[in-house]
Amino acid sequence: MWVYPPGTERQIVSLGRWRQRTKDLGVLRVLLWLEGFPVPTSAARSALVAALHTAEDTFRKHITPSPAPAAAPGSAVGQEPIASLAAELASKRGPDALPRPIRQSAADRVRSVELLLRTFGLGEVPTASDSEAFEIERLLGVAPGRRQKVDGAGPWLTGSPHDLLSAGPTLALPVLAQTMETASDSELEEARPFARSLFHLRPLAARLIGATHGNDNHAGFGGIAHLDEEPELGPLMVAMTVGMRRTAPEMADSLAAIHDSLQSAPDAMAAIKALLDMPQGVVDQNLAGQPVSVRHRFDRAVEAALEGRIHAGPCGNSSTT
């Protein structure tokens, strides 16, 4: 087969993989651009703006109250639309339901969903008690990040639980749509490697941590282990990256640190998979004298590799970046 220019075959493979998950041409364009394929940045920006406005319009439709008949005398007043949507999402079951990584009461779960909808759907900075802010961490599954460690490093979640709720003016859907409308080509190009790390490498690292520690939500990373399987989140990661780098220096610094720390994830995945081809005698020799904890982590890593739980996500290894 003859293809032109070089690299076209990898782009076709990546496109085919993503088309199994979405037929939205704009989202597909953003995903290919994010992976480093020769998609014009101006075209990617137009697709980003359209994708964010679509997400915003969809959200607005869900919280726009429908005309209702007059309530009968003495009947209870209906819920506010956003509270009603929160209750619906919180109680939903099945494959499209919100994850339940940590047990919560029904009331706490509904309130946590509502606070997130207000923060990132409307751009509000809602008032929440300390207990409500901590319940959001439980909803997202990140609460173990306050006590569990990875490779001897201290817990990564150390700030105030209210910090997430203060991000609305920077990372809410309406704000991100406006951010993309004014983003320059150079701004997008500078943000691309950071956004790619958030969308591709961060879930890979979470899967590696879960596999080697025998706990899918070790240190609270389970919630991000499959984000790269949701194509609509690709445009969102790009917009969030631009927003953080533009208006929130402290977030931008954290983003840069995360990006740097994630660059070794593909090599770690390759090393674990290489263990499967290593002669048992060599494996035993390398493990001789190692602590029992190291042997346990080795066994868990091999088991995860055999079961296919350590993988590079839908894009595979087709990225040119």
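The values are calculated or read from the model by the stated rules, or taken from the named source; none is laboratory data. Keep in mind that this is a model prediction, so the values were computed, not measured. Counting neighbours? That spans all protein chains shown, and the Cβs are built from the backbone with ideal geometry, glycine included. In case anyone asks, the SASA skips ligands and DNA or RNA and just uses the protein heavy atoms, side chains included. Shrake-Rupley method; radii C 1.70, N 1.55, O 1.52, S 1.80 Å.
Over all other residues within a Cβ to Cβ distance under 10 Å of Leu173, the charged ones net out to -1, with Lys and Arg as +1 and Asp and Glu as -1.
Counted by Cβ distance under 9 Å from Gly36, the other residues give a net charge of +1, where Lys and Arg count +1 and Asp and Glu count -1. The candidates Ile258, Ile272, arranged from most to least accessible area with a 1.4 Å probe in the full protein assembly, appear as Ile258, Ile272. Here is how the number arises for the chain: DSSP H runs of 4 or more residues each give -39500 (n - 2.57), the sum is divided by the residue count, and the result at 222 nm is -18000 deg cm²/dmol. Stokes-Einstein diffusion for the chain, with the hydrodynamic radius set to the Kirkwood value over Cα pairs and evaluated at 25 °C in a medium of 0.890 mPa s, equals 113 µm²/s. Summing charges over neighbours of Ala305, with a neighbour being any other residue whose Cβ is under 13 Å away from its Cβ, gives +1 when K and R count +1 and D and E count -1. For the chain, the longest principal axis of the alpha carbon atoms and the long axis of helix 81-91 meet at an angle near 40°.
Of Ala107, Ala288, Ala183, the residue with the greatest mean-square motion in the GNM of the chain, using alpha carbon springs below 10 Å, is Ala288. Descending by average beta-carbon neighbour count within 10 Å, the peptides 88-99, 230-241, 44-55 line up as 230-241, 44-55, 88-99, the highest first. Give me the percent of Cα-Cα pairs in the stretch 157-202 that sit more than 15 Å apart, rounded to a whole number. Tail of the P(r) past 15 Å holds 63 percent of the pairs.
Rounded to the nearest 10 degrees, the inclination of helix 265-274 to the longest alpha-carbon principal axis of the chain is 50 degrees. Sorting 200-207, 245-252, 131-138 by their mean Cβ neighbour count within 10 Å, with the most densely packed peptide first, gives 200-207, 131-138, 245-252. Cross-link reach is defined here as a Cα-Cα straight distance under 24 Å, omitting same-chain residues fewer than 8 places apart; for Lys23 the lysines meeting it are Lys61. With angles folded into 0 to 90 degrees, how steeply does helix 233-247 sit against the dominant principal axis of the chain? Use alpha carbons for both and round to 10. Roughly 80 degrees between the two axes.
With coordinates expressed along the principal axes, the C-alpha atoms belonging to the stretch 124-221 extend over 43, 34, 19 Å, beginning with the largest.
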